[in-house]
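K.L.:
Please see the structure below; I have some questions.
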Amino acid sequence: MYKKNIHSLTLSGMLAVIALLLSFFSFAVPFLPPFLKFDFTFIPLFMALLLIDYKHALLVSLLKNFLHFALITHEPTGAIANLAVEFIFLSIIVLFYKKGFTKVIIGGVVATLAITAFMSLFNYFVLLPAYGYIMDLADITKNVKTIVTAGIIPFNLLKGALVTFLFFVTIKVYENIPTTIKARFS
C-alpha cells in the first residue's frame, strides 16, 4: 500500500511537470483574443486519470496551475481559469470514460457545453473584470460582453472539441502501455 502511494504521488508530480512544460507549446487562434490559447496540458491530466485515478488527475491539475502561476505568469486569472476548465472537464469525463466510445463522445459534448457555459459566466462576472483591474486595462472592463460573446464562447467550444479529441488519443496511448506498468498504479 505504501509503495503504491509513493508511486502514485511521484507519477502525479512528474505528470504535473510534464503538463507545465507542455504549457510552453501553446498557440493562439486567429480571430480570437490573443490571451486565449490552446495547449496540450490535458494529456498528462488524462494519463493521470487513466493510470492512477480521478483524485490524482485533479492533483496534477492543481500542481500544474500552481507552478504555472508561481514560476511563469504571476497573475492569477489565467491559472484560475485553467483550473476551473480542467476540474469541470475531468469531473464530467470521468463519468463517461469507462462506458464505451459513444458515451465518451457524449461526455465530451456535455463537458464542452459545461465549460462553455461556466466560463462564459465566470469570465463575464469575475475573471475579465479582475484581469482588467489587475493589468490596468480599461478597455477590457468596458467590453466584457463583446469579449465573452465573440471570444470566450467560440474558444471554449473549440477547446472542448480539441480536448475531447486529445482524450481519445490518450486512451489509444494508454491501451498500448504494457500491463506490467499499469499494474503498479492500479
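The values are calculated or read from the model by the stated rules, or taken from the named source; none is laboratory data. For clarity, every value in this text was computed on a predicted model and none was experimentally measured. Note that each Cβ is placed from the backbone with ideal geometry, even for glycine, and that neighbours are counted across all protein chains shown. The protein model used for the area step is the full one, side chains on, heavy atoms only, and it has no ligands, DNA or RNA in it. Shrake-Rupley method; radii C 1.70, N 1.55, O 1.52, S 1.80 Å.
K.L.:
Which pairs turn up if I take residues in the range 3-17 that are touching a residue at least 60 places away in the same chain (Cβ under 8 Å) and look for partners that are surrounded by fewer than 15 Cβ atoms within 10 Å (Cβ to Cβ) with beta carbon separation below 8 Å, at least 6 apart in sequence or on another chain?
P.N.:
Note: pairs meeting the criteria are LYS4/ARG184; HIS7/ARG184.
K.L.:
So, one more: Look through ILE72, ILE52, ILE6 and report the one residue that is out of contact with any Lys or Arg (no Cβ under 6 Å at 6 or more places or on another chain), open to solvent by less than 50 Å² (accessible area, probe 1.4 Å) and of a type in the set (A, V, I, L, M).
P.N.:
Selected residue: ILE52, the only one of ILE72, ILE52, ILE6 that is out of contact with any Lys or Arg (no Cβ under 6 Å at 6 or more places or on another chain), open to solvent by less than 50 Å² (accessible area, probe 1.4 Å) and of a type in the set (A, V, I, L, M).
K.L.:
Look at PHE31 and say whether it is of a type in the set (A, V, I, L, M, F, W, C), more than 16 Å from the chain's Cα centre (by Cα), surrounded by fewer than 16 Cβ atoms within 10 Å (Cβ to Cβ) and over 25 Å from GLU175 (Cα atoms).
P.N.:
Yes; evaluated as a whole, the condition is true for this residue.
K.L.:
Now a separate question. State which residue is most open to solvent (accessible area, probe 1.4 Å) when the search covers only the range 142-186 and only residues that are over 30 Å from VAL126 (Cβ atoms) and basic (Lys, Arg).
P.N.:
Looking only at the range 142-186, we keep the residues that are over 30 Å from VAL126 (Cβ atoms), and these are 168-186.
When the remaining residues are screened for being basic (Lys, Arg), the result is 172, 182, 184.
Working: LYS172: 123, LYS182: 39, ARG184: 146 Å².
For the range 142-186, the residue satisfying everything is ARG184.
K.L.:
Please list, ordered by first then second residue, the pairs with beta carbon atoms under 9 Å, 6 or more apart or interchain, first in the range 36-62 and over 25 Å from PRO154 (Cα atoms) and among the aromatic types (Phe, Trp, Tyr), second open to solvent by 20 Å² or more (accessible area, probe 1.4 Å) and part of a loop (DSSP other than H, G, I, E, B).
P.N.:
Within 9 Å, the pairs are TYR54/VAL94.
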